[in-house]
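Participant: Structure in C-alpha cells, see below.
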Amino acid sequence: MRRRGEILLKALEMFEEVVYTTADFTRAFLSSTKSDYRPLHNFVPEPHKTIAGDIKRNMALKEMEAREKQKVYNLISYLRKDGLIKMIKTGGESSWKITAKGEGKKENIKSQLSLLIPSRKYIPARSKETLIVSFDVPEKERRKREWLRTCLKNLGLKMLHKSVWMGRVRLPENFIDDLREYNLIPCLQIFSVTKTGTLKQLV
C-alpha cells in the first residue's frame, strides 16, 4: 500500500510541475533516484572479456530498459484511464497534464501516507546512561501512539507508565528520523539521566 501510494504520488507531483510527453516523463521518472522503479544507471553488469560477453551484456541492458519503460507506460495508462491525467496538444506534440481529479487524488494519497507508520526494524545500542522517554500522542493519532509503544518495547525500554518508558539504550538515528517524519517529536520528551543523577533533555 505504501509503496504503491508513493509511486502514484510521485507521478502526480511530476505531472503537476511539468507538462510531459510520454518519452520525456519516462526518462525523468526512471532517472529519479527516489523512484520505486530501479534506475537503469544503477545496474552494474559483471565484466566480460569476450565479444560474446559484450553482446550478452548489451542484450541484458536492453531487456532491462524495455521492462522498466513498460512499467512506466503501464503507470501512465492507469493514470489516464482513471482520469488523473489528460492529453493536451503543446507545440504540435501530445503531452500529459494532471487533471482536477488528479489533484484531489494527490492530496488524498498525501493524507493516507501521513497516517501510515514505518515498519522497519531498529537496532539499539547499549548505553551507560538511563534513557527516559515520555510522550503524549493525541487520541486521533492512536495508531502512531501504539506504534511508538511497540518500538520502545522492542528497543529494550521498560514501561513505567503507558506514556513513560525507561532503559539503558541509545535510540537509533533512523528511529529519530521516523519520529520527525511522522511529526511525533512535538509529542514527546527524551531525557538521559547523567552519572550525577541530573536529567539532560535530548529531544
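The values are calculated or read from the model by the stated rules, or taken from the named source; none is laboratory data. None of these values were measured; they are calculated from a predicted model. Heads up, the Cβs are rebuilt from the backbone with ideal geometry, glycines too, and the neighbour counts pull from every protein chain shown.
Participant: So, restricting to helices (runs of 4 or more DSSP H) that lie completely within the stretch 1-95, which ones have at least 3 residues that are more than 18 Å from residue 109 (Cβ to Cβ) and modelled with pLDDT of 90 or more?
Facilitator: 22-31, 51-81
Participant: Any residue in the stretch 75-90 that is among the hydroxyl-bearing types (Ser, Thr, Tyr) and in the same structural domain as residue 168 (by TED's automatic domain parsing)?
Facilitator: Within the stretch 75-90, not a single residue is among the hydroxyl-bearing types (Ser, Thr, Tyr) and in the same structural domain as residue 168 (by TED's automatic domain parsing).
Participant: How many residues are at pLDDT 90 or above and charged (D, E, K, R) if we restrict to the stretch 144-169?
Facilitator: 4
Participant: On to the next question. If you scan the stretch 115-140, which residues turn out to be at pLDDT below 90 and exposed (fewer than 13 other Cβ atoms within 10 Å of the Cβ)?
Facilitator: If the condition is that a residue be at pLDDT below 90 and exposed (fewer than 13 other Cβ atoms within 10 Å of the Cβ), then 115, 119, 120, 121, 123, 125, 126, 128, 138, 139, 140 are the ones that fit.
Participant: Restricting attention to the stretch 141-169, which residues are buried (at least 16 other Cβ atoms within 10 Å of the Cβ), within 26 Å of the chain's Cα centre (by Cα) and either farther than 13 Å from residue 123 by Cα or not hydrophobic (A, V, I, L, M, F, W, C) (or both)?
Facilitator: Scanning the stretch 141-169 gives 141, 144, 145, 147, 148, 149.
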